[in-house]
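All remarks here apply to the structure that follows.
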Amino acid sequence: MKSSNRIISVGVVGCGYWGPNLIRNLRQSPDCQLRKICDTSEQRLKHMRRLHHDVATTTSYDELLNDPEIDAIVIATPVRFHYSMAKAALTAGKHVFIEKPMARTVAEGEELVEISKCKGLVLMVGHTFLFSPAVRRMKEIIDSGDIGEVQYISARRLNLGLFQKDINVAWDLAPHDISIILHLLDETPVSVSCQGSSHVNRSIEDVTMMYLTFKKNCCAFIQNSWLDPKKVRQMTVVGSRRMIVYDDTEPLEKLKIYDARVEVPPHYDTFAEFTYSYHYGDAYVPYIKQDEPLKLECQHFLDCIRGEAVPITGGAQGLEVVRILEGADNSLKLKGEAVNLVEELVHATNGHQSHNGHTNGNGNGNGKSHINGLIVSPAGRGALAA
């Protein structure tokens, strides 16, 4: 039901790294009343009170859940709290915006999606880059057919830190690139491979390389690191006619279109006559209107609650990212073996997937391995080997 003039009352939990940015943007929206801020740290809350002196603060999450005036809760806590806090908020009848990744497992994500559907509540996941004007423009260019068929995508998201204690670098950084790639291709990958290494904390990978395969002979590479001296936020989309380079660290020229391609001769009589044709054309920078993605994302969440929009990054989209991350985790345990995401989805849909987080090394008689209910094909073994 639409309610265009309604002011949405919001509570925010989590005032660490990202929460203050969400609070700032929500405060700036005329459609939002920031009613209460929650964090376990009294020191952080004191800082928030200096910035937002008219907003109530609390160290008790129950205060947000039990406040009848609060319509929605924004969750910006460490990942290990996402599921329990989101479930409690949905159960209390609150709309939920939850930072990426939405949960630690597919099972947790599925439960959150089911509760939100049953209660008719908005569940939105913070995949902020889908609201970036540069990503939106890139999507328009690809959909127009201007670059031809997408052949592969390469993404690099690197920096020095910030080290997380409860997730590895793939869970921390790859959700951005996975969500962008899924958005650009409008397609779910059929398999994922992942290799990584741990250098600072031996139990948590701080460097990973992920490989996604799609139908139509398309693939994507995602490199993530907490151990790089330079901040890199770059994605290259290679099409059959043109190529796009997206660099989010550029202040203005975030997108560049290269009129470059390789052409195969239509026919030749001998191998000696066979030569590739390399086309080097001009590069141009398309005009992109400058808007803060997080501001657009927060406004979209409010619009969805008021019935004016459907979440672009809803629970289903967030769940798909978690499904890929969980598959990548299992590939890491199997030294880079390819995990078949299509068969995983079938197993999960049929209720056969194991969610206990333990490896099941039993064979099934057809030469495939099992881990967490996922089927690993021998054909994918060593897909990322050097």
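Sort out for me the strands (runs of 3 or more DSSP E) sitting completely within segment 136-236 that have 3 or more residues that are of a type in the set (A, V, I, L, M, F, W, C). So that I can check it myself, show each step before the final result.
On the way: elements: 150-160, 191-197, 207-213, 219-225.
Result: 150-160, 207-213, 219-225.
Residues in segment 313-325: is at least one acidic (Asp, Glu), in a helix (DSSP H, G or I) and touching a Ser or Thr at 6+ places or on another chain (Cβ under 8 Å)?
Scanning segment 313-325 turns up at least one residue that is acidic (Asp, Glu), in a helix (DSSP H, G or I) and touching a Ser or Thr at 6+ places or on another chain (Cβ under 8 Å).
Look at residue 278 and say whether it is among the aromatic types (Phe, Trp, Tyr), under 30 Å from residue 28 (Cα atoms) and modelled with pLDDT of 65 or more.
So residue 278 does not fit the description; no.
Among (1) at pLDDT below 85; (2) under 25 Å from residue 205 (Cα atoms); (3) not in a strand (DSSP E or B), where does residue 362 come up short?
The single condition residue 362 does not satisfy is (2).
Filtering segment 277-309 down to residues that are in contact with a helix residue (DSSP H, G or I) (Cβ under 9 Å, 6 or more places away or on another chain) and exposed (fewer than 12 other Cβ atoms within 10 Å of the Cβ), which residue is farthest from residue 6 (Cα to Cα)?
Looking at the filtered set, the residue picked out is 287.
So the check is Cβ under 7 Å with 6+ separation or different chains; which pairs have a first residue in segment 29-44 that's at negative phi and a second one that's among the aromatic types (Phe, Trp, Tyr)?
Close Cβ pairs (under 7 Å, with a partner that is among the aromatic types (Phe, Trp, Tyr)) amount to 38/61.
Out of the residues in segment 203-222 meeting the condition of being within 26 Å of residue 280 (Cβ to Cβ) and at pLDDT 95 or above, tell me which one is surrounded by the fewest Cβ atoms within 10 Å (Cβ to Cβ).
My answer is 219.
Evaluate segment 63-75: report whether one residue or more is assigned by TED's automatic domain parsing to the domain that holds residue 38, farther than 17 Å from residue 14 by Cα and in contact with a helix residue (DSSP H, G or I) (Cβ under 9 Å, 6 or more places away or on another chain).
Yes: segment 63-75 contains one or more residues that are assigned by TED's automatic domain parsing to the domain that holds residue 38, farther than 17 Å from residue 14 by Cα and in contact with a helix residue (DSSP H, G or I) (Cβ under 9 Å, 6 or more places away or on another chain).
For segment 225-249, give me each residue that is over 30 Å from residue 201 (Cβ atoms) and either touching a Ser or Thr at 6+ places or on another chain (Cβ under 9 Å) or not assigned by TED's automatic domain parsing to the domain that holds residue 148 (or both).
Across segment 225-249, the qualifying residues are 236, 237, 238, 243, 244, 245, 246.
The values are calculated or read from the model by the stated rules, or taken from the named source; none is laboratory data. Bear in mind the structure is a predicted one, so any value in this text is a computation, not a measurement. Note that each Cβ is placed from the backbone with ideal geometry, even for glycine, and that neighbours are counted across all protein chains shown.
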